[in-house]
Amino acid sequence: MVLALTACGGGGKKPVAAPATTTTLPPTTVPPTTVAPTTTTMPATPLYYVATAKVRSLEIYTSPVQPEPARSLDNPQPSGASPGMTFPLRMLVTENRGDWLKVLLPIRPNGSDGWIRRSAVDLETHDYHAVVELGEHRITVWKGNDVILQEPVGVGASGRTPTTKGLFYTTELYSVLPSQQGGYGPYAFALSGFSEVLYSFGDGGTGVLGLHGTGDPSGLGRDVSNGCIRMSNTGITMLAKTLPLGTPIEITA
């Protein structure tokens with residue numbers, strides 16, 4: 001397959017964790033990873049909701065009281081990472097009002113959100129999330145309160161093709177062809193955000209943010225990429241076998 005991944009994103013709202021019957025969900029703030037993985041914990045066990053459209057065209061509203069939708073999104077969506085492919089329309093829930101859900105949308109501009117009807121989607125839950133600290137060149141991945149991975153990453157070249165900050169989530173996962181593993185490693189995730197600098201990359205794509213391995217580990221811990229996040233092949237293989245799609249990935253300074 002042809003991968004066309006690049007860094008993206010900016011802005012966004014925090015994911016939330018609460019039962020579906022709750023009227024409103026308080027934000028779950030991810031703490032900075034300033035201590036060793038063996039002692040880093042969340043103050044409460046997080047639970048994230050992921051909505052997957054079960055209709056061919058999903059209506060998006062600006063509020064639950066809006067009489068008509070502001071727009072609609074096709075399901076499945078065209079892949080932003082591999083031209084010609086599609087993926088199910090999957091959204092991270094940020095607020096739950098019973099019959100209505102507020103969700104992050106995998107579209108430009110970054111940080112786009114909207115309200116959808118609960119009846120139009122299937123809901124799944126999980127307890128994984130990750131934080132990428134650009135200044136520290138580090139990714140930390142949690143399952144619940146436990147850090148399951150922390151390692152150095154390569155990020156966008158600052159001033160030219162920076163990795164932009166914000167809250168995103170995983171939308172697609174690829175097994176990379178052997179001929180492309182020098183650039184992307186064995187696996188690559190596409191995220192819900194888009195580059196603020198690049199609108200296409202390589203053989204196509206839409207400038208979508210990627211998290212993938214690398215055939216050149218000397219770039220880890222440095223500002224080297226077109227905006228994607230590079231990590232070790234061992235690390236991305238673990239995540240590919242562990243993380244569900246819809247996992248929040250917060251990119252911070």
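Compute the relative contact order of segment 128-252 as a whole-number percentage, counting only Cα pairs closer than 8 Å that sit 6 or more residues apart in sequence.
Details: 305 pairs, mean separation 43.6, N = 125.
Value for segment 128-252: 35 percent.
Simple spin-label model, 7 Å along Cα-to-Cβ: residue 179 to residue 85 in nm?
It works out to 1.5 nm between the two label points.
Pulled fully out, how much extra length does the chain show between residue 123 and residue 216, if you take 0.36 nm times their separation in residues and subtract their Cα-Cα distance? Write down the numbers at each step before the final one.
On the way: separation 93, 0.36 × 93 = 33.48 nm, distance 3.84 nm.
Length difference between fully extended and current span is 29.6 nm.
Provide the gained length on full extension for the span residue 242 to residue 55, in nm with one decimal, where the gain is 0.36 nm per separating residue minus the Cα-Cα distance. Let's see the in-between values first.
Values: separation 187, 0.36 × 187 = 67.32 nm, distance 2.76 nm.
Here the segment from residue 242 to residue 55 would lengthen by 64.6 nm.
In whole Å, what are the Cα extents of segment 128-252 along the three principal axes, biggest one first?
37, 31, 27
What share of Cα pairs, in percent, lie more than 19 angstrom apart in segment 182-253? Don't skip to the answer; put the middle values down first.
Details: 883 of 2556 pairs.
Considering segment 182-253, 35 percent of its Cα-Cα pairs are separated by more than 19 Å.
Taking H as built 1.01 Å from N, whose amide H comes closer than 5 Å to the amide H of residue 100, not counting residues under 5 places away?
Under 5 Å from the amide H of residue 100 lie the amide H atoms of 118, each far enough along the sequence or on another chain.
Binned at 10 Å from 0, what are the whole-percent values of the Cα-Cα distance distribution for segment 48-126, short to long?
19, 54, 24, 2
Since every read-out is calculated from the coordinates, none of them should be taken as a lab result. Please read these numbers as outputs of a predicted model, since none were measured by experiment. Ideal geometry is used to build each Cβ from the backbone, glycine not excepted, and the neighbour counts take in all protein chains shown.
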